[in-house]
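Here's the structure we're looking at; comments come further down.
The values are calculated or read from the model by the stated rules, or taken from the named source; none is laboratory data. What you see is a predicted model; the values in this text were computed from it and never measured. Here the Cβ positions follow ideal geometry from the backbone for every residue, glycine too, while neighbour counts run over all protein chains shown. SASA here: full protein model, heavy atoms, side chains in, ligands and nucleic acids out. Shrake-Rupley method; radii C 1.70, N 1.55, O 1.52, S 1.80 Å.
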Amino acid sequence: MSRPKDAMNRLRDPEALSFWQRTYVPEILRGLKLTAAHFFRNLLIHIFHLAGLWKDRRGAETVQYPEEVRGYSPRLRSLHRLTKRDDGSPRCVACMMCETICPARCIYIVATEHPDPNIEKRPASFDIDLGKCVFCGFCVEVCPEDAIRMDTHILNFAAYSRQEMVWDINRLLSNEPQRVEGIGEIRKVK
Amino acid sequence: MLEWAVAAGKVAFSLFVLLNFVMVLTWAERKQSALMQDRIGANRASILGFTLLGLFHPIADAIKMVTKEDFVPQGASRALHTLAPFIALFFALISFAVIPLGDELAVGGCTISLQVIDLNVGILYVFAAMSLGVYGFVLAGWASGNNFSLLGALRASSQMISYEITIGATVVGLIMVFGTASLQTLVRRQGDLLLGFLPGWGVFYQPLGFLLFTTAAMAETKRAPFDLPEGESEIIGYFTEYSGIKFGMFLMTDFTETVVMAGLVVTLFFGGWQFPYLQPDGFHFPGAAVVSISPLAVSIAQVMTFLVKLAVFCWLFLLVRWTFPRFRYDQLMRLGWQMMLPLSILNVLVTGALLLLLHR
Amino acid sequence: MPTLTIDGQQVTVSKGATIMQAAEALGIYIPRYCYHPGLRVAGSCRMCLVEIEKAPKLDIACYRQAAEGMVVHTTTEPVKLARQSILEFLLSNHPLDCPVCDQSGECDLQNFYMEFGLYQSRFLENKIKRRKAFPIGRHVMLDNERCILCSRCVRFCEEVSRSHELGIVNRGDRSEIALREGSQLDNEYSGNVIDICPVGALTEREFRFQCRVWYLNRAASVCPGCSRGCNIELHYNVNRPHQSGGKRVLRLKPRFNAEVNKWWMCDEGRYGFEFIDAPSRLQDFEIRTAQRTVVASREQAVQTLSDWIGDSIDRHGSQSLGIFLSPKLSNEDLYGIGKFARHVGIDCLDFRNPSERPGYQDDFLIQADKNPNTRGCLELGLYRRSEDSGGWMAGEIQRGKVRVLIVFLQDLALAPEFQQVLGRLERLVFVGSNRNGTAEIASLVVPSATYAEKDGSFTNFEGRAQRFERAVVPLGSAVAEADLVASVAVSFGMQREEFERERLLSDLRREYPFFDQEALNPPELEWVYQTPIGQERL
Amino acid sequence: MMEKILSRHFFNAEARKLSFYLNDGGYEAARNALTQMTPQQVADQVIRSNLRGLGGAGFPAGRKWSFIPKDSPNPRYLVVNCDESEPGTFKDRHILEWTPHSLLEGIIIAAYAIGASQCFIYTRGEYLHYARMLQAALDEACQAGFFGKNIWGTGFDLDVLIHLGAGAYICGEESALLESLEGKKGWPRLRPPFPAVSGLFGCPTIINNTETLSYIPAIIRYGGSWFAGLGTPQNGGLRLYSVSGHVKNPGVYELPLGTPLREIIYTHAGGIRQGRKLKAVIPGGSSTPVLRADEIDVRMDFDSLAAIGSLLGSAGIIVMDESTCLVKALAVLAKFYHHESCGQCTPCREGTGWMARILNRILDGQGVRDDLENLLRVAGNIRGTTICALGDAAAMPVFSFITKFRDEFESHVLQGRCLASK
């Protein structure tokens, strides 16, 4: 096996190639060997699986979502949620930082007076149009109050109408953070 | 009357084999590529909860294709747009007619050749059919009224014309060796042993011819690494403007061509239905050992042999398609004209010289 | 006339000018909180400290007078350090509630911190709690925590409004702005303290939480509230309509004009913009018959109006037409209407609504005449000079002479003279932006654009023509009056080009000396209550 | 024999009576000045005496008078700064209590010299008791015809009004005092214009300290040169030293300017109480930089103290022995300046509170490593950036305490341990 660097150098200089290399036939065969090896190996594993053997070896790297899921990273940006104060009201003070930074312009906030002058401002409505959201996470970064987070690990929020894709403040508040465990582990979902 | 019935039966059988191969290929392509890439592949289509390794997907696909909207773009020529996939598919299908599935079958006193039709210029028939098939693609591209489609069609036509020359030139060597252009005769002649023990298959006479022919055959199917007419990541190709069953027909054409080409390779270079050492009356192993078998069993074994060989080459074609990256268009043309064509002519010359030497 | 050097540049200023003024002449910006050009110098914020060569310590640029040969530095390390330390001191007890503060985006504390501060906080103590967000007047909200005690508002109430409501009570870092006992900040000019407050201590109750200021667009305009014609800016939000409930124009701010209104405007004008987005706005052309009212297209309405005018002229001559103008119309609109009237021979014109009474007036900005363009109407001569009031037209109607009356904006139904006679008209056409009594009985209603929705000019009581810019598009089908007249005039053989804005302007300029080029230069926006530094960042 | 001028009759209740004062030759100087001298001659005598402002700034009194514009059409005022609020200073109180007529006679002479016919005495509200004593003396003097219209037939009129402030330290600053006197909030004014040009109600105003004015009768009586000869060069005459703190005999001592600090503490004030060791001395009222025990050989006059980085100030000497925790001492001072900051300009308003809070935190054992640097930095940012001198006054002790007794502060901050012996 030639080292990748050598191969690269030789490719740059066709004169340096030998006759057989220039025909590409051996290289083509090597390529076919590689893919065929995978094919037969996986075929074998699947056949053993059918026979109830070798269950600990996976015949495929893919995760069979939704029957299986991988443990998500805490850094994963998933469905938004609005955090709450101790009394259950939103922490959001409607400062519009997220609305301003949002590159997709999918956040719509209407501000109103908070009865407590020390809080002063609260959102009368806080809508996120997930149909537009690009999940960049800027809103989370920019929030001065830690009022919006994307740690719910909810990814399946598809809906049948555009209107249903708009999440209002109550839905966003009802989202709960997901406890992170077994990052990268594949788990069967019942 | 009987002749008609036999002919109809042969057509039906041949079509049955071909179409089933095509159908299974659509499934095999997904599954095989999945295995090669450590994936699972299609496994979702289910009937009553059974998925059967995804084997229902071809059916689901067919239903989908048929029920989808058949869309003809504004500015397209409606009649030609509709006609194009039919032309393409038709010529792909009929080229299978001259490929022998087996030797003659003697049933109730009459012998039936296991081939739709045995033309003495069978190989030319295949080329003719394939050449006509190009019209389907050109029409599709032109009638769509879409620049990208037209570009794809032009690529398709120039690519197919370029590689048909190589195909033709390589086959010349074979015709010279076996002295016939009839495919059935060609296969029969490959039943002879070479050097006393080696099956007399074309690949042993024409190894370079085999390589060139296989490569050119892959190019003829317009699949990766020769999928420039389609070029999913760039121009989409001649069927950009197709949807529904008409698009499905182009897909079928692709797979049909794959099967036909695999059949041709098998027929020309791998002895067709010939099972090594199996003669019409039984096995004749080198060293004079003879095991006699009933003629019917021989016929069945021959057909099975052909189908297995066909399957192996289909597998090989898929393996190639899922292994190599696409050519650039100029590379494709240079390969066709500057490498394969001279080599195939060289092949003819060398074959001729050798034949002259041997027959002196 | 001392000549001094600031940051290596020489400048000669008049005697008594301060270093700050000299620096401004050079285009050097010195940050300041307590200094305001319209107020007495307080010198208390210490933000404008500069280095003067041969002086023992830094001195404040807003107070120290320029002297011959003085060499001033505004960017040296000691000055930078002083600015940083002042900012640090100010922020040490300033709450970081920028997220909820309406001032953020146009806050000098934010801007200067970004420009001159940018240090790590070294303040570990607890900030002093004070009373937050309570109203101190009809329009003004006070947040004592945010106050940096620059005393601009106090000085404004002492020197400009001379109403003395505000003061600073307690001392040291317990100091805070407070109302004089038993009083409210309810003078006629109270809104200005919001403009001059460099931080979010004084915010506007009306504007509160309506929109973040960085979403606002600005247009230079002229206040239509009275005949003073204060130069203003319209701040409007069209990018995020959901924030302000669909309202477009959200606030007015004074625009500096040394000769008209300086830095100020009155509350009446400041909050007199509600009609622009009010529910009473007319948005459709309406043709009304005895039985029903139908909404018409612009073409239909123009056709109808042209037909009525032409029909009346044909049957009774052009004397049967009357036009009642409004001093709220712009010079261009008035001139266009006048041009058309001359063309078809209408001379029955007036603009003086007999029901209108002079309003409140003071010795500062507020004028008794609540119309922005009375002087323009007078200059253009669009009234019957022999009569003292527009009431004569009622007599003409009564006598049956005037059969078709076109009323612009005015509510004639309020005037007793007209109340009786409007019913005698064959056709009553109302052109106006908002629904009123006259619109209710008019047989044709044409919605017109407000001053925020068109370009134009008003002539103030001194005869100064001042230009205003269009901020937003006309609501619904509303049209500018000159455009409407242009469409009608085409049916009477006039060219549409004659009513184009440039043409109207050049004609006006040629015919009327008051309409001088100077006053009509496109107005420039100057953010007088905010630093230029913040502007760059917006 | 050491001369005593003001303190001769301290603690003699009779001395505050007019009759006693007249017997002692009182009001002769004033009569002489009014009847036999021109205002300029009076001023010349004062200039010759080297009498410096004894309120703390030390500006030559005679020269200050000359700043009044000659051509101003406005009335002139004399204002007596009797708002003695500097911690550690209580000399003016003694003058009001025991020899008020010295002040009143000085007022007549000074008013004559500057051409003022109205004088205001601004006293802090806490001195209500002493203000009443002064009022009683003033009433007596008025009765005797020393005040009012046409004094001694010279045609010179003089009215005196005693004004009680509300007890704000800042009102001892002359422009804040004027604001307060005008009925406004006691906020210092921007300068220029100086009060001599535009002071009370926008009129030329001379503001002199109580003690300064009280020495003037003696100067006129015995001549400026005699007074100048009592002290050191450029620092003429005597002054009242208020000694407080850990000495055996705290009190007010009238000594020549230039008396060594050691002599004042150990000879006149009787040394440190209970035989303890001296640790630190604040030489001139709480705002002046502190001195270590090894620095007390300095002469107590304006120039000598300035030379070693301190100030004579109001000569309020605060003596601290080894039992004093200097962190606490500084915290008390910082609290005072925080409490007394007027709040007009930013550095002092915010900085004094900040320093006080840091020091309190250190005292509570919550100090962090950066606190001392922060204190020095904050003090540095206050110094020289404020309208009046209160900012400097608040910053100077912080600087001097921390730099001179750094180990004690560091021990508090880093180890939470007080080095003062208990």
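Suppose the filter is in contact with a Leu (Cβ under 9 Å, 6 or more places away or on another chain), under 17 Å from residue C:149 (Cα atoms) and either open to solvent by less than 30 Å² (accessible area, probe 1.4 Å) or not in a strand (DSSP E or B) (or both); does residue C:96 pass it?
In short, no.
Tell me which residues, restricted to the range C:166-188, are open to solvent by less than 10 Å² (accessible area, probe 1.4 Å) and either part of a strand (DSSP E or B) or more than 13 Å from chain D (Cβ to nearest Cβ) (or both).
Scanning the range C:166-188 gives C:177, C:185.
Residue B:154 is checked against (1) assigned to a helix (DSSP H, G or I); (2) without any contact (Cβ under 8 Å) to a residue 60 or more places away in the chain; (3) more than 27 Å from residue B:245 (Cα to Cα) and fails just one. What number does that condition carry?
(3)
Going through B:257, B:234 one at a time, which residue ends up being of a type in the set (Asp, Glu), more than 29 Å from residue B:347 (Cα to Cα) and either open to solvent by 10 Å² or more (accessible area, probe 1.4 Å) or touching a residue at least 60 places away in the same chain (Cβ under 8 Å) (or both)?
Of B:257, B:234, the one residue that is of a type in the set (Asp, Glu), more than 29 Å from residue B:347 (Cα to Cα) and either open to solvent by 10 Å² or more (accessible area, probe 1.4 Å) or touching a residue at least 60 places away in the same chain (Cβ under 8 Å) (or both) is B:234.
Of all residues in the range C:133-148, how many are within 11 Å of residue C:197 (Cβ to Cβ) and either surrounded by fewer than 20 Cβ atoms within 10 Å (Cβ to Cβ) or touching a helix residue (DSSP H, G or I) at 6+ places or on another chain (Cβ under 7 Å) (or both)?
2
Looking only at residues in the range B:280-302 that are in contact with a Gly (Cβ under 7 Å, 6 or more places away or on another chain) and open to solvent by 20 Å² or more (accessible area, probe 1.4 Å), which one is nearest to the other protein chains (Cβ to nearest Cβ)? Working first, answer last.
Residues of the range B:280-302 that are in contact with a Gly (Cβ under 7 Å, 6 or more places away or on another chain), as a first pass: B:286, B:290-293, B:299, B:302.
Then keep just the ones that are open to solvent by 20 Å² or more (accessible area, probe 1.4 Å); that gives B:286, B:290-293.
Working: B:286: 30, B:290: 36, B:291: 32, B:292: 36, B:293: 31 Å.
If we take residues in the range B:280-302 being in contact with a Gly (Cβ under 7 Å, 6 or more places away or on another chain) and open to solvent by 20 Å² or more (accessible area, probe 1.4 Å), then B:286 is nearest to the other protein chains (Cβ to nearest Cβ).
Can you tell me which of B:129, B:169 is part of a helix (DSSP H, G or I) and without any contact (Cβ under 8 Å) to a residue 40 or more places away in the chain?
B:129
Can you confirm whether residue C:199 is in a loop (DSSP other than H, G, I, E, B), open to solvent by less than 10 Å² (accessible area, probe 1.4 Å), within 21 Å of residue C:97 (Cβ to Cβ) and more than 14 Å from chain A (Cβ to nearest Cβ)?
Yes.
Would you check if residue B:291 is under 19 Å from the mean Cα position of the chain (by Cα) and aliphatic (A, V, I, L, M)?
no
Output the number of residues of the range C:159-175 satisfying the condition of being touching a residue at least 60 places away in the same chain (Cβ under 8 Å) and either among the charged types (D, E, K, R) or touching a Leu at 6+ places or on another chain (Cβ under 6 Å) (or both).
Within the range C:159-175, residues that are touching a residue at least 60 places away in the same chain (Cβ under 8 Å) and either among the charged types (D, E, K, R) or touching a Leu at 6+ places or on another chain (Cβ under 6 Å) (or both) number 2.
Taking into account only those residues within the range A:96-113 that are open to solvent by less than 10 Å² (accessible area, probe 1.4 Å) and farther than 16 Å from residue A:170 by Cα, which is farthest from the other protein chains (Cβ to nearest Cβ)?
A:106
Sort through B:251, B:264 and tell me the only one that's under 24 Å from residue B:211 (Cα atoms), touching a residue at least 12 places away in the same chain (Cβ under 8 Å) and not in a loop (DSSP other than H, G, I, E, B).
It is B:264.
Could you grab me the full set of residues in the range C:484-501 that are out of contact with any Gly (no Cβ under 8 Å at 6 or more places or on another chain) and outside any helix (DSSP H, G or I)? Reasoning before the result, please.
Applying the first criterion (out of contact with any Gly (no Cβ under 8 Å at 6 or more places or on another chain)) to the range C:484-501 yields C:484, C:487-490, C:493-498, C:500-501.
Answer for the range C:484-501, where residues must be out of contact with any Gly (no Cβ under 8 Å at 6 or more places or on another chain) and outside any helix (DSSP H, G or I): C:493, C:494, C:495, C:500.
Among the residues in the range D:146-166, are any within 14 Å of another protein chain (Cβ to nearest Cβ) and open to solvent by 20 Å² or more (accessible area, probe 1.4 Å)?
Just the residues of the range D:146-166 that are within 14 Å of another protein chain (Cβ to nearest Cβ), to begin with: D:165-166.
From what's left, open to solvent by 20 Å² or more (accessible area, probe 1.4 Å): D:166.
Checked the range D:146-166: at least one residue is within 14 Å of another protein chain (Cβ to nearest Cβ) and open to solvent by 20 Å² or more (accessible area, probe 1.4 Å).
Just checking, how many residues over the range A:42-84 are surrounded by 13 or more Cβ atoms within 10 Å (Cβ to Cβ), away from every other protein chain (no Cβ under 14 Å) and basic (Lys, Arg)?
4
Looking at this structure, is residue C:50 buried (at least 17 other Cβ atoms within 10 Å of the Cβ), without any contact (Cβ under 8 Å) to a residue 24 or more places away in the chain and over 32 Å from the mean Cα position of the chain (by Cα)?
Considered against the rule, which asks whether it is buried (at least 17 other Cβ atoms within 10 Å of the Cβ), without any contact (Cβ under 8 Å) to a residue 24 or more places away in the chain and over 32 Å from the mean Cα position of the chain (by Cα), residue C:50 comes out as no.
Could you figure out which of (1) open to solvent by 30 Å² or more (accessible area, probe 1.4 Å); (2) of a type in the set (Gly, Ala, Ser); (3) within 19 Å of residue D:226 (Cα to Cα) isn't true of residue D:57?
Checking residue D:57 against (1) open to solvent by 30 Å² or more (accessible area, probe 1.4 Å); (2) of a type in the set (Gly, Ala, Ser); (3) within 19 Å of residue D:226 (Cα to Cα), the one that fails is (3).
Please state which one of D:112, D:122, D:77 is hydroxyl-bearing (Ser, Thr, Tyr) and open to solvent by less than 10 Å² (accessible area, probe 1.4 Å).
From the options D:112, D:122, D:77, the qualifying one is D:122.
From the residues in the range D:346-360 that are open to solvent by 10 Å² or more (accessible area, probe 1.4 Å) and at the interface with chain C (Cβ under 7 Å from one of its Cβ atoms), which one is nearest to the chain's Cα centre (by Cα)?
The extreme case among them is D:350.
Here is a yes/no grid of residues against (1) surrounded by 14 or more Cβ atoms within 10 Å (Cβ to Cβ); (2) under 21 Å from residue C:151 (Cα atoms):
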residue: C:1; (1), (2): no, no
residue: C:11; (1), (2): yes, no
residue: C:33; (1), (2): yes, yes
residue: C:56; (1), (2): no, no
residue: C:65; (1), (2): yes, no
residue: C:68; (1), (2): no, no
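Pull up the range C:114-135, narrow it to residues that are charged (D, E, K, R) and within 14 Å of chain A (Cβ to nearest Cβ), then point me to the one that is nearest to the chain's Cα centre (by Cα).
The selected residue is C:132.
Find the residue count for the range C:391-424, including only residues that are under 16 Å from residue C:436 (Cβ atoms), of a type outside the set (A, V, I, L, M, F, W, C) and open to solvent by less than 70 Å² (accessible area, probe 1.4 Å).
2
Do you know which residues across the range C:361-387 are assigned to a loop (DSSP other than H, G, I, E, B) and either touching a Cys at 6+ places or on another chain (Cβ under 6 Å) or surrounded by 22 or more Cβ atoms within 10 Å (Cβ to Cβ) (or both)?
C:365, C:366, C:367, C:370, C:371, C:372, C:373
This table checks each residue for (1) more than 22 Å from residue C:489 (Cα to Cα); (2) touching a helix residue (DSSP H, G or I) at 6+ places or on another chain (Cβ under 9 Å).
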{"position": "C:268", "(1), (2)": "yes, no"}
{"position": "C:279", "(1), (2)": "yes, no"}
{"position": "C:286", "(1), (2)": "no, yes"}
{"position": "C:314", "(1), (2)": "no, no"}
{"position": "C:324", "(1), (2)": "no, yes"}
{"position": "C:353", "(1), (2)": "yes, yes"}
{"position": "C:362", "(1), (2)": "yes, no"}
{"position": "C:378", "(1), (2)": "yes, no"}
{"position": "C:384", "(1), (2)": "yes, yes"}
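Out of C:17, C:42, report the one residue that is free of Cβ contacts under 8 Å to residues at least 60 places away in the same chain, of a type outside the set (Val, Ile, Thr) and either away from chain A (no Cβ under 14 Å) or surrounded by 23 or more Cβ atoms within 10 Å (Cβ to Cβ) (or both).
C:17
Residue C:119: surrounded by fewer than 23 Cβ atoms within 10 Å (Cβ to Cβ) and either touching a residue at least 60 places away in the same chain (Cβ under 8 Å) or in a helix (DSSP H, G or I) (or both), yes or no? If you could, list the steps in order and put the result at the bottom.
Values: surrounded by fewer than 23 Cβ atoms within 10 Å (Cβ to Cβ): yes; either touching a residue at least 60 places away in the same chain (Cβ under 8 Å) or in a helix (DSSP H, G or I) (or both): no.
So residue C:119 fails the test.
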